[in-house]
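Beneath this line is the structure, given in structure tokens, with notes to follow.
The values are calculated or read from the model by the stated rules, or taken from the named source; none is laboratory data. Note that the structure is a prediction, hence the values are computed from the model and not measured. Neighbour counts are summed over all protein chains in view; Cβ atoms, including those assigned to glycine, are modelled from backbone coordinates with ideal geometry. Ligands, DNA and RNA are stripped out before the accessible areas are found, and what is left, the full protein with its side chains, is counted by its heavy atoms. Shrake-Rupley method; radii C 1.70, N 1.55, O 1.52, S 1.80 Å.
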Amino acid sequence: MHDEVLILGGGVAGCAASIALARKGRSVTMIEREPTPRHKVCGEFLSGEALEDLHALDIDVASLGAVPINYVRLAAARRSAQAPLPFPAASLTRKALDTALIAKAIAVGVRVERGRSVQSLKRTTGNLWQAMLSDGATFEAPTAFLATGKHDLRGRGRPKDPHQWVAFKMYYRMSAAQTAELADASELTLYAGGYGGIQPVEDGITNFCCVVQRRYFACSGLRWKGLLAKMQQDCPHLAMRLDGAEPLLDKPITVTHIPYGYLRRTTEDGLYCIGDQAAVIPSFTGDGISIALQ
């Protein structure tokens with residue numbers, strides 16, 4: 001199949017690019033390996049910039065149940081410090097956000113191929129970009145966007161992560177008292193070897209994400225239960241937050257080999273690398289989604 005633009009990846013960056021291009025009259029095909037949007041390791045913080053960009057894409061996050069975030073709080077050991085955010089912010093699960101973005105892409109005329117995995121991307125002799133799928137199908141276009149997020153496409157990998165970061169995500173239903181204490185804040189919990197983020201999302205649920213170096217994970221026996229116990233021991237503030245909390249997933253969502261600080265310096269003619277394939281900002285620092293949207 002031949003279009004003007006081929007986009008590999010249907011996350012935030014891929015969807016934003018596809019919507020913008022389709023609105024300009026381009027014929028766009030977007031290929032996403034997951035059949036339906038799913039939860040991802042993500043802090044799910046929408047900064048003021050992200051909210052502006054989503055508004056420009058006609059995405060109304062309030063109607064999706066987004067929670068307003070007005071404060072940032074840092075917690076280490078038993079101490080915490082809070083400050084008001086200098087801009088409006090919100091919190092929304094990636095599953096809800098990605099669902100809305102893909103629906104918008106389809107509405108503006110993007111051909112979305114879901115549940116299909118790209119195996120390779122190469123330049124043809126006719127100066128087209130050709131994506132080969134796992135089922136043997138091929139898609140071609142003169143312009144391609146690599147928007148596969150934290151997952152590298154074979155043959156186009158980013159450098160290895162020297163610190164061997166491992167990231168985890170779990171949803172909780174916290175106690176009524178702790179839900180009220182967290183309120184409209186995004187909290188960062190700090191411990192030697194890593195850090196985490198806690199913030200409310202829609203439907204009264206709390207998102208807890210953390211990223212740790214493998215050596216820290218190894219000290220807890222390379223098990224989620226042991227890691228959670230160690231983090232709560234090192235940061236009693238986290239233990240307080242999770243006291244009486246009910247985990248809502250059978251096991252945490254995990255991702256590894258995150259090349260923090262990576263910045264792509266070069267690319268090939270007609271190939272645009274966007275989102276985490278262009279640059280990787282440390283997790284939970286508030287600008288990951290806005291960078292992907294930009």
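Compute the angle between helix 12-23 and the longest alpha-carbon principal axis of the chain, please, reported from 0 to 90 degrees and rounded to the nearest 10.
So the inclination is approximately 40 degrees.
With every protein chain kept in the model, how would you rank His257, His55, His237, His151 by accessible area, 1.4 Å probe, largest at the top?
The ranking, largest first, comes out as His55, His257, His151, His237.
Just by accessible area at a 1.4 angstrom probe, what is the order of Met170, Met132 from largest to smallest?
The ordering from most to least exposed comes out as Met132, Met170.
Before rounding to the nearest 500, sum -39500 (n - 2.57) across all DSSP H runs of length at least 4 in the chain and divide by the residue total; then give [θ] at 222 nm in deg cm²/dmol.
So the helix-based figure for the chain works out to -7000 deg cm²/dmol.
With a ≥ b ≥ c the root eigenvalues of the C-alpha gyration tensor of the stretch 1-62, is it rounded (a/c under 1.5), prolate (a/b larger than b/c) or oblate?
It is oblate, given that a/c is not under 1.5 and a/b is not larger than b/c.
Considering the options Ile205, Ile59, Val41, tell which one lies farthest towards the positive end of the dipole of the chain, charges being +1 on Lys and Arg and -1 on Asp and Glu at the Cβ, about the Cα centre.
The one lying farthest along the dipole's positive direction is Val41.
What trypsin sites (Lys or Arg not before Pro) does the stretch 30-139 have in DSSP loop regions with at most 14 other beta carbons within 10 Å?
Arg38, Arg78
Could you tell me, in Å, what Rg and Dmax come out for the Cα atoms of the chain?
19.8, 64
When the dipole is taken about the Cα centre of the stretch 1-128, and only Lys, Arg (+1) and Asp, Glu (-1) are charged at their Cβ, what size is it in debye, to the nearest 20?
Using Cβ point charges on Lys, Arg, Asp and Glu, the stretch 1-128 gives about 460 debye.
State the antiparallel share, in %, of DSSP beta bridges confined to the stretch 1-113, rounding to the nearest 5.
60
Considering only protein heavy atoms, with the full assembly of protein chains and a 1.4 angstrom probe, order Val166, Val108 by accessible area, largest first.
In descending accessible area the options line up as Val108, Val166.
Rounded, prolate or oblate: which fits the stretch 90-242 when a ≥ b ≥ c are the square roots of the eigenvalues of the alpha-carbon gyration tensor, with rounded for a/c under 1.5 and prolate only if a/b beats b/c?
oblate
How about the stretch 169-240: which trypsin sites (Lys or Arg not before Pro) there lie in a loop by DSSP and see at most 12 other Cβ atoms within 10 Å?
Arg223
Note the full-extension length gain between Ala83 and Leu153 as 0.36 nm times their separation in residues minus their Cα-Cα distance, in nm to one decimal.
21.2 nm
Just list whichever of Lys24/Lys150; Lys169/Lys230; Lys95/Lys150 have alpha carbons separated by over 25 Å in the model shown.
Lys24/Lys150, as the Cα separations exceed 25 Å there.
What longest region of the chain stays clear of GluC sites (Glu not before Pro) that DSSP places outside H, G, I, E and B and that have at most 16 other Cβ atoms within 10 Å?
Counting at most 16 other Cβ atoms within 10 Å as exposed, the longest clean stretch of the chain is 5-267.
Mind pulling the angle between the C-alpha long axis of helix 94-107 and the longest principal axis of the chain? Nearest 10 degrees, somewhere in 0 to 90.
Helix 94-107 sits roughly 20 degrees off the main axis of the chain.
Between the alpha-carbon centers of the stretch 235-253 and the stretch 30-51, tell me the distance in whole angstrom.
The two parts, judged by their Cα centres, are 22 Å apart.
Which residues in the stretch 179-195 have a backbone N closer than 14 Å to a point placed 7 Å from the Cα of Ile253 along the Cα-to-Cβ line?
none
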